[in-house]
Amino acid sequence: MKLSENFSLQEMTFSPSAIRKGIANKPTDEHIENLRILCEKVLQPIRDKMACTINVSSGYRAPSLNALIGGSRTSQHCFGQAADLQVEGRNHEMFNFIKDNLEFDQVIWEFGTDAEPAWVHVSYNAKHNRKQVLKAVKVNGKTQYLKV
C-alpha cells in the first residue's frame with residue numbers, strides 16, 4: 001500500500017528486530033492514517049526537495065517492539081506519527097530543511113557530531129504540532145534532549 005508517491009506502508013512498518021523476535025508489527029487503521037499524513041506532510045516534501053532516497057530506519061512500532069528496543073513509553077512511533085530517517089552524508093541538510101520549511105511536532109538531531117546527526121527523528125501530529133527542535137545527547141549514559 002502506498003502512503004504517498006515515494007513511501008509505502010511496508011517500509012514504514014519494516015523492522016528487522018520484529019522479524020527476529022516474531023513480533024507482529026501491524027498498525028491499526030488509525031495508525032495507518034497517521035503514517036499517511038506523516039508521509040504526505042513531511043517525508044514526501046523532503047524527498048521532493050532533496051531528490052534522493054531516504055532510508056526509514058524506524059517508522060511505526062507496535063508497543064511490544066518499542067519496548068524491545070528500549071523506546072520511550074510515550075513514543076510517537078507507537079501511534080504512526082514518527083519516523084527516524086537517514087540520507088547518507090546529508091542528515092544535517094534534511095534536519096535543517098524540516099526545521100526551516102515544514103510543519104512538524106518534533107524534529108530531533110539524533111546523536112552523531114556537531115556537523116552531522118547519526119539520524120533525524122521527525123514527528124507530525126495532525127491535531128497539534130509543537131514545532132519542537134531538539135538535539136539528543138548522552139549525559140552519564142542517559143539520553144537527554146536539549147532545545148536547539
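The values are calculated or read from the model by the stated rules, or taken from the named source; none is laboratory data. This one's a predicted model, so the numbers in the text were calculated from it and none came from an experiment. FYI the Cβ positions are ideal-geometry reconstructions off the backbone, even for glycines, and counts take in every protein chain you see.
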ASP29 fails exactly one of (1) out of contact with any helix residue (DSSP H, G or I) (no Cβ under 6 Å at 6 or more places or on another chain); (2) crowded, with 17+ Cβ neighbours inside 10 Å; (3) farther than 13 Å from HIS121 by Cα, namely (2)
So which helices (runs of 4 or more DSSP H) stay within region 1-81 end to end and still have 1 or more residues that are touching a residue at least 24 places away in the same chain (Cβ under 8 Å), touching a strand residue (DSSP E or B) at 6+ places or on another chain (Cβ under 7 Å) and not aromatic (Phe, Trp, Tyr)? 9-13, 29-38
Checked region 99-124 for anything outside any loop (DSSP other than H, G, I, E, B) and touching a residue at least 24 places away in the same chain (Cβ under 8 Å); matches are LYS99, ASN101, GLN106, VAL107, ILE108, TRP109, GLU110, TRP119, VAL120, HIS121, VAL122, SER123
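Conditions (1) out of contact with any Leu (no Cβ under 9 Å at 6 or more places or on another chain); (2) of a type in the set (Val, Ile, Thr); (3) within 16 Å of VAL87 (Cβ to Cβ), marked per residue:
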| site | (1), (2), (3) |
| --- | --- |
| GLU5 | yes, no, no |
| LYS21 | no, no, no |
| ASN25 | no, no, no |
| GLU33 | yes, no, no |
| GLU40 | no, no, no |
| LEU43 | no, no, yes |
| ILE46 | no, yes, yes |
| CYS52 | yes, no, yes |
Among the residues that make up region 54-66, is at least one of them within 21 Å of ILE98 (Cα to Cα), in contact with a Gly (Cβ under 7 Å, 6 or more places away or on another chain) and either surrounded by 13 or more Cβ atoms within 10 Å (Cβ to Cβ) or at pLDDT 95 or above (or both)? yes
Take the residues in region 84-98 that are surrounded by 17 or more Cβ atoms within 10 Å (Cβ to Cβ) and not in a helix (DSSP H, G or I), then tell me which one is farthest from the chain's Cα centre (by Cα). VAL87
